[in-house]
Amino acid sequence: MLVVSIGGSPSQRSRSAVLLDLSKRWLQQQGVEVVSYQVRDFAAEDLLHARFDSPKVIDLLQQIENADGLLIATPVYKASFAGALKTILDLLPERALSHKVVLPMATGGSIAHMLAVDYALKPVLSALKAQEMLHGIFAEDSQIAYGEGSAQPQLVPVLEKRLHEALEQFYSALARRPKPLDPRLLNERLLSARWSI
Ligand SMILES: Cc1cc2nc3c(=O)[nH]c(=O)nc-3n(C[C@H](O)[C@H](O)[C@H](O)COP(=O)(O)O)c2cc1C
């Protein structure tokens, strides 16, 4: 199983990235391959000028095409998701998320904007035809401590529990998702069906 992880925070020290890192570790323990991207890995010019032909963008599109699922995390900015993340989503083809399971996550300064995932991010992911979208995780800043020095980042127990439950649901959804039929296989099946008539 392959999962693509996209982090939408422009900050080097990022709480939403902590959620993604912990999720990646959890999924890898279940044998899932996780390929990670952060908005700040992309050249700003590629995103602002919508350069579909940039090697980094082509690489992302190919990984998403091959992926079974997507983890996506964003900071809440001005009651919505990060604009830098939108510049990446705008580069994806219309059906980029069809046949894929998506787990959205967001971190914010207060719970006042905890619905930003539902009213801002999820509609965009639906427009990209995500097959199954899980409820998602919202965390307040006070629930996530960066690991200082060599210490690991810490989540408050209630958030850690919610994250693990969401990841278990994500993993089950990945396992049961109907795979798109390989066009070569379809051709072979049609040929053998004709012979068997
Ligand atoms: C420009 C800016 C706008 C923000 N707007 C909001 C907001 O509208 N609502 C909110 O709850 N938090 C807001 N925050 C706080 C961030 O969402 C919060 O600190 C988040 O965890 C940052 O995520 P990151 O560490 O992954 O960058 C804002 C922060 C910045 C820098």
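All of the numbers you see were taken from the coordinates with simple rules; none came from a lab. In this text, all values refer to a predicted model and were calculated from it rather than measured experimentally. Neighbour counts run over all protein chains shown; Cβ positions are idealised from the backbone, glycine included.
Annotation for Glu165 and Lys129: the two label points, set 7 Å from Cα along the Cα-Cβ direction, are 3.3 nm apart.
Taking GluC sites (Glu not before Pro) as candidate sites, keep only those in a DSSP loop with at most 16 other Cβ atoms within 10 Å, then name the longest stretch of the chain containing none of them.
It runs 1-93.
Can you list which of the trypsin sites (Lys or Arg not before Pro) found in the range 46-106 are DSSP loop residues with at most 14 other C-beta atoms within 10 Å? Filter output for the range 46-106: Lys78, Arg95. Against the longest principal axis of the chain, how steep is helix 157-176, in degrees 0 to 90 to the nearest 10, with axes from Cα atoms? Once rounded, the angle reads 10 degrees.
For the chain, the 222 nm mean residue ellipticity estimated from helices alone, with every DSSP H stretch of n ≥ 4 adding -39500 (n - 2.57) and the total spread over all residues, rounds to -12000 deg cm²/dmol. Among the listed pairs Lys78/Lys100; Lys86/Lys161; Lys122/Lys161; Lys78/Lys161; Lys24/Lys86, a Cα-Cα separation exceeding 25 Å is found for Lys78/Lys100; Lys86/Lys161; Lys78/Lys161.
Only loop residues by DSSP count here, and only those with at most 14 other Cβ atoms within 10 Å; note down the trypsin sites (Lys or Arg not before Pro) in the range 126-197 that meet that. Let's see the in-between values first.
Values: sites: Lys129, Lys161, Arg162, Arg176, Arg184, Arg189, Arg194; in loops: Lys129.
Of the trypsin sites (Lys or Arg not before Pro), the ones in loops of the range 126-197 whose Cβ has at most 14 other Cβ atoms within 10 Å are Lys129.
Approximating the spin labels as points 7 Å out from Cα along Cα→Cβ, the Ile111-to-Gln30 distance works out to 2.7 nm. Compared with the dominant Cα axis of the chain, that is its longest principal axis, helix 55-66 is turned about 60°. Could you work out which residue, out of Val57, Val34, Val158, moves most in a Gaussian network model of the chain, that is, has the largest mean-square fluctuation with Cα springs under 10 Å? Comparing Val57, Val34, Val158 in a Gaussian network model of the chain, the most mobile one is Val158.
Quick one: plug the Kirkwood hydrodynamic radius of the chain (C-alpha pairs) into Stokes-Einstein at 37 °C, 0.692 mPa s, and report D in µm²/s. So the translational diffusion coefficient is about 186 µm²/s. Applied to the range 123-136, the Karplus parametrisation 6.51 cos²θ - 1.76 cosθ + 1.60 on θ = phi - 60° returns per-residue 3J(HN,Hα) values of x, 5, 5, 5, 4, 8, 6, 3, 6, 9, 10, 7, 4, x Hz, with x for Gly and Pro.
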